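Reading through the structure tokens given below for one structure.
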Amino acid sequence: MNTIPLNQARTLTLRILRHNPTDPDSEPRLQDFQVEETDAMTLFVALNIVREEQDPSLQFDFVCRAGICGSCGMLINGRPALACRTLTRDLGDTVVLAPLPGFALIGDLSVDTGKWMRGMSERLETWIHAEGLETKNLDAIEDAMDPELAEQLYELERCIECGCCVAACGTMQMREEFVGAVGLNQIARFQLDPRDTRSDSDYYELIGDDSGVFGCMTLLGCDDMCPKQLPLATQIAFLRRRMAAV
């Protein structure tokens, strides 16, 4: 990765794939915008300058600006990443931006990851399954959890559902029904949780086919592109061993 010295002023060219699917006259096209680079500028800041000073119709998403919400995922020079965590000094003079593939396009760089994630969550039933939850006293203190196990769960809960692993997944390009690393990571999380009473046979019914853990072709795009550096390939391998034993 090239690193440009901070004292070297540059004019960046942002080459953005523009398209509004709700406009019947809109045709996908690349449009260039020039931005004067500043020290420690992120791609998110550069995009805001474009929208505020050059084209208010430019569509892209953001909320937290700190790599927590996952809203600003996009293809940056062909690689899925978060705009708010990408420094322009690590990029060349021309930066090509496109929406994440695999999700419904809202417009320009904005995609509907929420619809996909909700569908995945409902399909894989990513919530605690246990007897008597409807009668449980929600004001009662929960049973203590082993700290080491709690740390493992916390590690898996760091997923921000940004969609970068889905966009980077070669299997997803071939099988639209594949649940992706983000879905399998969720299953690994609930499989570890002692509050969830589902058995391995129950999980097999959810992911024990080519749309689940046995569909992964181990191309490792998810593991390479995860902005939170989650061990996604390790989790998929773990689940595959568990499901193969069912």
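Being more than 17 Å from the chain's Cα centre (by Cα) and open to solvent by 10 Å² or more (accessible area, probe 1.4 Å) is the filter here, so list the residues in segment 89-107 that pass it. Outline the logic, then answer.
Step one: of segment 89-107, the residues more than 17 Å from the chain's Cα centre (by Cα) are 89-96, 107.
Scanning segment 89-107 gives Arg89, Asp90, Leu91, Gly92, Asp93, Thr94, Val96.
Can you name every residue in segment 108-119 that is in a helix (DSSP H, G or I) and open to solvent by less than 60 Å² (accessible area, probe 1.4 Å)? Walk me through how you get there before you give the answer.
The first filter runs over segment 108-119 and keeps only residues in a helix (DSSP H, G or I), leaving 113-119.
If the condition is that a residue be in a helix (DSSP H, G or I) and open to solvent by less than 60 Å² (accessible area, probe 1.4 Å), then Thr113, Gly114, Trp116, Met117, Gly119 are the ones that fit.
Which pairs have Cβ atoms under 8 Å, sit 6 or more apart or on different chains, and link a residue in segment 94-120 that is free of Cβ contacts under 8 Å to residues at least 12 places away in the same chain to one that is open to solvent by 10 Å² or more (accessible area, probe 1.4 Å) and among the aromatic types (Phe, Trp, Tyr)?
As it stands, the answer is Asp112/Phe103, since those pairs meet every condition given.
Would you confirm whether or not segment 230-244 contains a residue that is in the same structural domain as Trp127 (by the TED database), assigned to a loop (DSSP other than H, G, I, E, B), over 19 Å from Arg118 (Cα atoms) and touching a Cys at 6+ places or on another chain (Cβ under 9 Å)?
For segment 230-244, residues in the same structural domain as Trp127 (by the TED database), assigned to a loop (DSSP other than H, G, I, E, B), over 19 Å from Arg118 (Cα atoms) and touching a Cys at 6+ places or on another chain (Cβ under 9 Å): present.
Is it true that Gln152 is in the same structural domain as Gly215 (by the TED database), at pLDDT 95 or above, in a helix (DSSP H, G or I) and not charged (D, E, K, R)? Show your work before the answer.
Numbers: in the same structural domain as Gly215 (by the TED database): yes; at pLDDT 95 or above: no; in a helix (DSSP H, G or I): yes; not charged (D, E, K, R): yes.
No.
Conditions tested, residue by residue: (1) small (Gly, Ala, Ser); (2) more than 30 Å from Asp61 (Cβ to Cβ); (3) open to solvent by 10 Å² or more (accessible area, probe 1.4 Å).
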site	(1), (2), (3)
Gly163	yes, no, no
Gln173	no, no, yes
Leu184	no, no, no
Tyr204	no, yes, yes
Asp210	no, yes, yes
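Given Ile76, Ile68, which one is modelled with pLDDT under 95, closer than 25 Å to Gly221 by Cα and β-branched (Val, Ile, Thr)? Show your work before the answer.
Details: Ile76 fails: modelled with pLDDT under 95.
When all the criteria are applied, what remains is Ile68.
Within segment 113-133, identify whether any single residue is out of contact with any Asp or Glu (no Cβ under 7 Å at 6 or more places or on another chain) and more than 26 Å from Val182 (Cβ to Cβ), and answer yes or no.
There is at least one residue in segment 113-133 that is out of contact with any Asp or Glu (no Cβ under 7 Å at 6 or more places or on another chain) and more than 26 Å from Val182 (Cβ to Cβ).
Name every residue in segment 135-172 that is free of Cβ contacts under 8 Å to residues at least 40 places away in the same chain and either hydroxyl-bearing (Ser, Thr, Tyr) or under 16 Å from Gly73 (Cα atoms) (or both), in order of residue number.
Thr135, Tyr154
Looking at segment 120-136, can you tell me whether even one residue there is open to solvent by 60 Å² or more (accessible area, probe 1.4 Å) and in a strand (DSSP E or B)? Before you say what the answer is, go through the steps one by one.
From segment 120-136, those open to solvent by 60 Å² or more (accessible area, probe 1.4 Å) are 122-123, 125, 127, 131, 133-136; that's our starting set.
Next cut, in a strand (DSSP E or B) only: none.
No.
How many of the residues in segment 137-149 are surrounded by 10 or more Cβ atoms within 10 Å (Cβ to Cβ) and assigned to a helix (DSSP H, G or I)? Steps first, answer last, please.
Step one: list which residues in segment 137-149 are surrounded by 10 or more Cβ atoms within 10 Å (Cβ to Cβ), which gives 145, 149.
Restricting the remaining residues to those that are assigned to a helix (DSSP H, G or I) gives 149.
Qualifying residue count for the region: 1.
The values are calculated or read from the model by the stated rules, or taken from the named source; none is laboratory data. Not measured: the values here are computed from a predicted model. When we count neighbours, we look across all protein chains shown, and the Cβ atoms used for this are built from the backbone with ideal geometry, even at glycine. In case anyone asks, the SASA skips ligands and DNA or RNA and just uses the protein heavy atoms, side chains included. Shrake-Rupley method; radii C 1.70, N 1.55, O 1.52, S 1.80 Å.
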